[in-house]
Amino acid sequence: MPAACDSVLEDIEDIVSAEDLKPHDRQFVRKNIFPKVRKRSSQKTSQADDDPPSDSIIPGAQKIWIRTWGCSHNNSDGEYMAGQLAAYGYKITDNSDEADLWLLNSCTVKNPAEDHFRNSIKKAQEGKKKVVLAGCVPQAQPRQDYLKGLSIIGVQQIDRVVEVVEETIKGHSVRLLGQKKDNGKRLGGARLDLPKIRKNPLIEIISINTGCLNACTYCKTKHARGDLASYPIEELVDRAKQSFQEGVCEIWLTSEDTGAYGRDIGTDLPTLLWKLVDAIPEGAMLRLGMTNPPYILEHLEEMAKILNHPRVYAFLHIPVQSASDSVLMDMKREYCVADFKQVVDFLKEKVPGITIATDIICGFPGETDEDFQETMKLVEQYRFPSLFINQFYPRPGTPAAKMHQVPAAVKKQRTKDLSQLFHSYNPYDHKIGERQRVLVTEESFDSNYYVAHNPFYEQVLVPKDPLLMGKMVEVTIYEAGKHFMKGQPVSDARVYTASITKPLAKGEVSGLTEEFRHEQRNGTNWKAHSSAEIPVKTPLSSWMALQLPWQQEGGGLKILSVSLALLAVLVMFFYGGMKAGL
């Protein structure tokens with residue numbers, strides 16, 4: 001039996017025979033069975049009586065530390081995984097030392113991010129922590145040596161994180177890397193209505209699609225996220241409405257390329273955005289994510305109208321990567337510099353004051369000094385207020401990694417030169433003295449200010465007054481820095497509450513029904529105290545998102561412990577029948 005702890009299950013489904021009960025059958029026979037719950041005694045009891053020790057193998061008794069690297073899409077995935085684990089009974093902790101298991105959610109865009117990920121795995125192993133890996137690194141290259149023997153949850157399988165964590169705690173190594181499909185068609189990913197713990201209770205990150213239509217030669221993310229797969233409009237609108245009902249006042253739309261949204265399901269980005277705008281309450285705001293130039297060109301007129309809407313930030317992130325057409329061709333970016341300029345010029349004309357953010361890669365293979373100077377001229381021309389400068393890193397398995405590389409010293413110098421140019425101008429000096437309407441949503445890194453954003457998604461620091469958090473307020477700009485402005489609330493201005501209801505508390509799980517919350521407030525203990533007694537850890541009457549996928553009709557997941565139990569029952573039944581026959 002101890003050898004079972006070292007086994008690797010490539011997918012939990014593989015251990016179940018065709019004779020086992022199907023999810024629909026299992027749900028049918030259980031429909032009138034409710035898990036026992038143990039009411040908390042009115043008399044004072046010891047902690048040992050209420051909760052099992054943290055080193056118990058009873059699932060739900062452990063503390064979990066979650067670390068996420070990378071983009072807002074990855075951050076949203078991390079929030080969903082935290083929410084499901086917390087709803088199931090696990091404690092999400094900010095203290096990595098006290099955690100029993102580390103859930104590491106990785107980014108594969110650049111080498112340094114993967115290096116941090118690899119070092120964290122090593123540190124977890126040295127600290128005798130259980131480890132579950134997520135994100136784009138293991139999805140893209142699950143057979144790397146340093147990932148051997150570790151549990152992995154794929155980017156489209158985050159709705160199954162509870163099962164992977166549970167099996168990992170039991171000592172199994174589980175890998176779920178499959179794609180979600182419906183009648184053979186790839187889906188955008190896990191359901192959007194899953195429980196979630198928002199890092200910021202005022203901000204909801206919604207992934208509108210996964211993957212992209214490009215094949216950029218430097219990109220490793222494509223290996224993990226794959227081709228474009230969009231969520232239906234109605235699901236996205238429903239998610240936005242649910243978020244507003246939970247006190248959210250700002251929504252971020254994210255994906256690998258928001259501009260390509262809907263091309264796989266017969267719709268487009270403007271159609272989605274108009275539907276979302278209709279659902280945004282007064283005072284709340286919508287921020288668009290990154291879009292590549294080719295997929296925004298055909299929608300420029302509609303996009304300008306949307307970006308002028310009072311509940312949409314006049315902000316767009318459009319990566320150019322290089323101002324050299326020859327470099328763009330080697331990157332397979334599918335546009336030329338003139339296309340990028342057309343998009344920027346049109347939007348700057350039609351959306352006065354719009355903020356255009358962009359990305360640039362320094363030292364891409366084959367980039368000449370002349371190519372780089374073209375990029376410098378582009379930055380000098382547009383003076384982007386937000387510019388993400390990246391030194392090129394060859395990612396294993398990408399075509400660019402096999403190209404003739406620019407010397408490291410040259411890449412470093414070009415990165416330095418572009419950074420110096422970027423820091424040579426101050427984009428906000430001319431705004432000192434202006435009165436601006438800002439939405440306050442978070443605390444600054446130094447904890448000295450609250451952070452707000454004006455209609456152009458420019459950062460404005462305001463006094464740390466708790467009455468301002470989550471509010472739309474008018475301020476006077478009195479100071480400007482490279483990346484921010486400072487504003488003082490106007491004394492005669494109206495402070496507007498952006499949220500239509502009280503936001504959730506920090507760390508509170510979103511997406512839970514009132515019934516479930518009522519039971520929590522009344523002290524009901526939903527944790528199962530014996531996996532043999534109850535394989536379910538939430539009441540069947542609670543929202544289906546809180547049930548494990550294998551408990552739902554068509555869920556398709558057969559968890560190891562239940563499968564073995566069913567197998568044992570079948571064997572006993574068969575053996576008993578043989579004895580009766582004798």
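The values are calculated or read from the model by the stated rules, or taken from the named source; none is laboratory data. Quantities reported herein were computed from a predicted structural model and do not represent experimental measurements. In this analysis, Cβ positions are derived from the backbone assuming ideal geometry, glycine residues included, and neighbour counts consider all displayed protein chains. Each accessible area value is taken on the protein alone, full model and side chains, heavy atoms only, with ligands, DNA and RNA left out. Shrake-Rupley method; radii C 1.70, N 1.55, O 1.52, S 1.80 Å.
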- Task: Return, ordered by residue number, the residues of the range 174-198 whose backbone nitrogen is under 18 Å from a label point located 7 Å along Cα→Cβ of D238.
- Result: 181-183, 187-196
- Message: 7 Å from Cα along Cα→Cβ at both V490 and L467: what's the point-to-point distance in nm?
- Response: 1.8 nm
- Using Cα-only point scatterers and the Debye equation, what is log10 of I(q)/I(0) for the range 63-179 at each q in 0.23 Å⁻¹, rounded to two decimals? -1.53
- Query: Separation between the E98 and D345 pseudo-spin-labels, each 7 Å from Cα along Cα→Cβ, expressed in nm?
  - Reply: 5.9 nm
- Query: Restricting attention to the range 438-508, which chymotrypsin sites (Phe, Trp or Tyr not before Pro) occupy a DSSP loop and are surrounded by at most 14 other Cβ atoms within 10 Å?
  - Reply: F445
- Equivalent ellipsoid semi-axes, the range 189-423, via Cα gyration tensor eigenvalues times 5, rooted, Å: 32, 20, 16
- Taking all protein chains as present, what is the carbon and sulfur share of the accessible area of the range 189-423, in % to the nearest whole number, probe 1.4 Å? 53 percent
- Query: Quick one: which of 76-88, 97-109 comes out on top by average Cβ neighbours within 10 Å, and what's the full order, highest first?
  - Reply: 76-88, 97-109
- Counting only the heavy atoms of the protein chains, how much of H309 is accessible to a 1.4 Å probe, in Å² to the nearest 10? 40 Å²
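Percent antiparallel among DSSP beta bridges with both residues in the range 180-315, to the nearest 5?
On the way: 4 of 14 bridges.
The antiparallel proportion sits near 30 percent.
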- Query: Computed over the Cα atoms, what is the radius of gyration of the range 212-264 divided by 2.2 N^0.38 Å, N being its residue count?
  - Reply: 1.40
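Taking 25 °C and 0.890 mPa s as the conditions, I'd like the Stokes-Einstein D for the range 114-179 in µm²/s, using the Kirkwood hydrodynamic radius from alpha carbon pairs.
Rounded, D is 205 µm²/s.
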- Förster radius 30 Å - calculated FRET efficiency between N119 and K402, Cβ distance, rounded to 0.05: 0.65
- Cα Rg, Dmax, the range 415-520, angstrom units: 17.7, 60
- Round to a whole number: what % of the accessible area of the range 63-179 belongs to carbon and sulfur, probe 1.4 Å? 45 percent
- Message: Using a 1.4 Å probe on the protein heavy atoms only, what accessible surface does F315 show? Give it in Å² to the nearest 10.
- Response: 20 Å²
- Just flag the trypsin sites (Lys or Arg not before Pro) in the range 115-145 sitting in loop per DSSP whose Cβ has no more than 15 other Cβ atoms within 10 Å. K128, R143
- Query: Given the Cα-Cα distance of S444 and Q381 and 0.36 nm per residue of separation, how much length would full extension add, in nm?
  - Reply: 19.6 nm
- Query: Given H placed 1.01 Å from N in the peptide plane, which residues other than close sequence neighbours of I152 have an amide H under 5 Å from its amide H?
  - Reply: L133, V174, R175, L176
- How long is the gain from D145 to N426 if the chain were fully straight, where each residue apart is worth 0.36 nm and the alpha carbon distance is subtracted? 96.5 nm
- Query: How large is ³J(HN,Hα) for each residue in the range 338-347, as worked out from phi by the Karplus curve 6.51 cos²θ - 1.76 cosθ + 1.60 (θ = phi - 60°), to whole Hz, x for Gly and Pro?
  - Reply: 4, 4, 4, 4, 4, 5, 5, 4, 5, 5
- Query: In whole Å, how far is the Cα centre of the range 401-471 from that of the range 153-215?
  - Reply: 31 Å
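Using 0.36 nm per residue of separation minus the Cα-Cα distance, give me the extension gain between Y478 and L177 in nm, one decimal.
The Y478-L177 span can extend by a further 103.2 nm.
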- Note on the structure: Over the range 434-497, with neighbouring protein chains present, the accessible area per residue in Å² at probe 1.4 Å is 49 Å²
- Note on the structure: So the compactness index of the range 358-464, its C-alpha Rg divided by 2.2 N^0.38 Å, takes the value 1.41
- About its Cα centre, what dipole magnitude does the range 189-423 give when the only charges are +1 on Lys and Arg Cβ and -1 on Asp and Glu Cβ, stated in debye to the nearest 20? 780 debye
- Query: Hey, what do the phi angles of the range 313-321 turn into as Karplus ³J(HN,Hα) couplings, whole Hz, using 6.51/-1.76/1.60 and θ = phi - 60°, x for Gly and Pro?
  - Reply: 5, 7, 8, 8, 9, 10, x, 9, 6
